[in-house]
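Read the structure below first, then the notes.
Quick note: the coordinates plus some simple rules give every number you see, no bench work behind them. As the structure is a prediction and not an experimental result, all values here were calculated from the model. Please note: Cβ atoms are built from the backbone with ideal geometry, for glycine as well, and neighbour counts cover all protein chains shown.
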Amino acid sequence: MALSETESGCSGGEGEADAIVEASLLGSFSESSEARALISGLPETHGDKMSETVTERFLVIMNRYQEQPHLLDPHLEWMVNMILDFVRSEQSSPSLVHLSFKFLYIICKVRGYKVFMQLFPHEVADVQPVLDLLSRQDPTDIETWNTRYMLLLWLSMTCLIPFDLYRLDGHLESEGSKASVPIMDRILAIAKAKLFKHGKRDDLLQYAPTVLQCLEQKHLSESSQATLRKLGVKLIQRLGLTFLKPRLAAWRYQRGNRSLAANLSMSQSATTTAAVTTEMETQEQEEDYDIPEEVETVIEQLLGGLKDKETIVRWSAAKG
């Protein structure tokens, strides 16, 4: 009798679990109407305390589809187009643009950037506006990192266009005495700065001398655009770190035994010997290592950046 009750209890528990799993499976994007209303209301809520409430509600809706993001696919195009209309509008304030990119990021986070970035418009006419908008962003503003992230994705998509980007520079000669930088050089300045910030040293070291040589030939320090000079300085300092061999701090954490008894049983002499051996190895590594010649060029460029008239350029050089 007790066995039958136990079996019935187990079967009842399994049935409840199956019901929970079945209930958690969503059939479609049921909140599409509410999402449309939230997006269409962005012009009225940006720059207001309501923007936080609206963003939080949109985030809650999107997070429901973390495990089934494919349900959003039929609705991605209209959501992205509605939001990009605000971004492209000349009447949109900076706060509205940033809020729009925050909504785009929420969608991108749920669906995945590889699928989402294909929805960005990627025609020749989109290259210049996206690049201009990205160049105007403040990289030190932690509140608008969503905007910079999405713009980088958008820019990377426009760079895949099978089109000679130098043809976009035909208007440079008509701008008179104002010095302008070609589109390709602006894209490379942004891309190289991001690449050498997040890339691995072993992968980048073989290309670092070539990049440094090309950077010297561009004479970015003579550019009239402060943003371009700042990006050049950032790239220079990251190239310098790439050339330098990483050093392991002597005081770094070293994992011992998992057992406290084993750690306590280690003799003092063994600990002292290990410390002396580590110090000797460090000294040998420092003696055998030669500083690359390119580091001298990097230091010279950074010292030149400290003399720049713009604070953002001097600050970037000082951090290097």
Equivalent-ellipsoid semi-axes of the range 31-163, from the Cα gyration tensor, Å, largest first: 22, 19, 13
log₁₀ of I(q)/I(0) at q = 0.17, 0.22, 0.28, 0.29 Å⁻¹ - the range 85-126, Debye sum with one point per alpha carbon: -0.54, -0.82, -0.99, -1.01
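If I stretch the segment between ALA226 and TYR166 completely, what's the gain in nm (0.36 nm per residue apart, minus their alpha carbon distance), one decimal?
Working: separation 60, 0.36 × 60 = 21.60 nm, distance 2.22 nm.
Result: 19.4 nm gained on full extension.
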Sites GLU123 and TYR149, calculated FRET efficiency, Cβ-Cβ separation with R0 25 Å, nearest 0.05: 0.70
Dipole of the range 31-163, positive end: most advanced residue of LEU119, SER51, MET82 [Cβ charges, Cα centre]: LEU119
Spin-label zone in the range 56-91 - amide nitrogen under 11 Å from a point set 7 Å from the Cα of ARG36 along the C-beta vector: 78-79
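Could you compute the FRET efficiency for LEU26 and VAL115, with r as their C-beta to C-beta distance and R0 at 25 Å, rounded to 0.05? Working shown, then result.
On the way: r = 18 Å, r/R0 = 0.72.
Calculated transfer efficiency: 0.90.
Looking at this model, which pairs from LYS234/LYS319; LYS109/LYS197; LYS194/LYS230 are more than 19 angstrom apart at the alpha-carbon? Show your work: numbers first, answer last.
Numbers: LYS234/LYS319 9 Å; LYS109/LYS197 22 Å; LYS194/LYS230 13 Å.
With Cα atoms farther than 19 Å apart: LYS109/LYS197.
Of LEU42, LEU134, how do they rank once you tally other Cβ atoms within 10 Å and put the fewest first?
Values: LEU42 22, LEU134 19.
Listing LEU42, LEU134 from fewest to most nearby Cβ atoms yields LEU134, LEU42.
Taking the Cα centre as origin and putting +1 on Lys and Arg beta-carbons and -1 on Asp and Glu beta-carbons, what dipole magnitude results for the range 31-163, to the nearest 20 debye? Kindly include the intermediate steps, with their values, before the conclusion.
Numbers: 11 positive and 17 negative charges, 58 e Å.
With Lys and Arg at +1 and Asp and Glu at -1, about 280 debye.
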Spin-label pair HIS70/SER93, simplified geometry with 7 Å Cα→Cβ offset, distance in nm: 4.3
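I'd like the FRET efficiency for MET82 and ILE291, computed as 1/(1 + (r/R0)^6) with the beta carbon distance as r and R0 of 56 Å, rounded to 0.05. If you can, show how the numbers build up before the last one.
Working: r = 55 Å, r/R0 = 0.98.
The computed FRET efficiency comes out at 0.55.
Can you sort MET50, MET82 from fewest to most other Cβ atoms within 10 Å of each residue's own Cβ? Write out the running numbers ahead of the final one.
On the way: MET50 12, MET82 16.
So the ranking, lowest neighbour count to highest, is MET50, MET82.
Taking Cα pairs under 8 Å and at least six residues apart, what relative contact order does the range 182-238 come out at, in percent? Walk me through the numbers before you get to the answer.
Numbers: 25 pairs, mean separation 29.3, N = 57.
Here the relative contact order equals 51 percent.
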